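Quick note: the coordinates plus some simple rules give every number you see, no bench work behind them. Because the structure is predicted, anything quoted here is derived from the model rather than measured. Glycine gets a Cβ as well: all are built from the backbone with ideal geometry, and neighbour counts include every protein chain shown.
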Amino acid sequence: MVSRFFVVVSALIYLGIGLWCIVDPVGMMADVGLTVEGANGTVEIQAMYGGLQLGMALFLAWCAAAEQRVRIGVAAVTLSIGGLGTGRMLSFLAQMPADTLHPMLIPVELSALVLGAFLLWRTRED
């Protein structure tokens with residue numbers, strides 16, 4: 001039950017970010033301190049940030065739809081968010097940017113990593 005909830009909530013987050021990147025790629029990137037130049041840049045943001053996030057949301061929804069796939073969804077979330085959080089933390093520590101976005105996102109992403117790892121451990125087969 002908790003594992004499915006974890007996967008569904010993650011799917012909704014991926015869906016929201018994906019839609020945001022497709023609908024307003026320039027605004028979304030500006031909110032995180034990046035600029036988008038020209039049509040090629042816009043297409044790239046919509047594809048890599050929007051399309052990939054939407055694809056992940058659909059995959060997680062598929063995982064949540066059947067009990068035998070929920071653990072696969074937990075693993076996907078744990079590895080993807082864990083990689084994102086770890087990369088963000090290491091990069092933040094190396095660069096030390098003067099912003100509030102990254103210090104807010106790092107604990108959220110690393111908490112998802114810890115929760116996902118716990119759920120995987122709890123549902124392991126001995």
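Remarks
- Residues that are assigned to a helix (DSSP H, G or I) and free of Cβ contacts under 8 Å to residues at least 24 places away in the same chain within the stretch 32-45 comprise G38, A39, N40, G41, T42, V43, E44, listed in sequence order.
- Total residues in the stretch 61-82 satisfying the condition of being among the polar types (S, T, N, Q) and in contact with an Asp or Glu (Cβ under 8 Å, 6 or more places away or on another chain): the figure is 0.
- Boolean, M89 is buried (at least 17 other Cβ atoms within 10 Å of the Cβ), closer than 23 Å to A117 by Cα, hydrophobic (A, V, I, L, M, F, W, C) and without any contact (Cβ under 8 Å) to a residue 24 or more places away in the chain: yes
- Those residues of the stretch 99-113 which are in a helix (DSSP H, G or I) and exposed (fewer than 14 other Cβ atoms within 10 Å of the Cβ), in sequence order: L101, P103, M104, P107, V108, S111
- Across the stretch 1-30, the number of residues qualifying as of a type in the set (D, E, K, R) and touching a residue at least 40 places away in the same chain (Cβ under 8 Å) comes to 1.
- Checked against the criterion of being of a type in the set (S, T, Y) and either outside any helix (DSSP H, G or I) or exposed (fewer than 15 other Cβ atoms within 10 Å of the Cβ) (or both), the stretch 46-53 has no qualifying residue.
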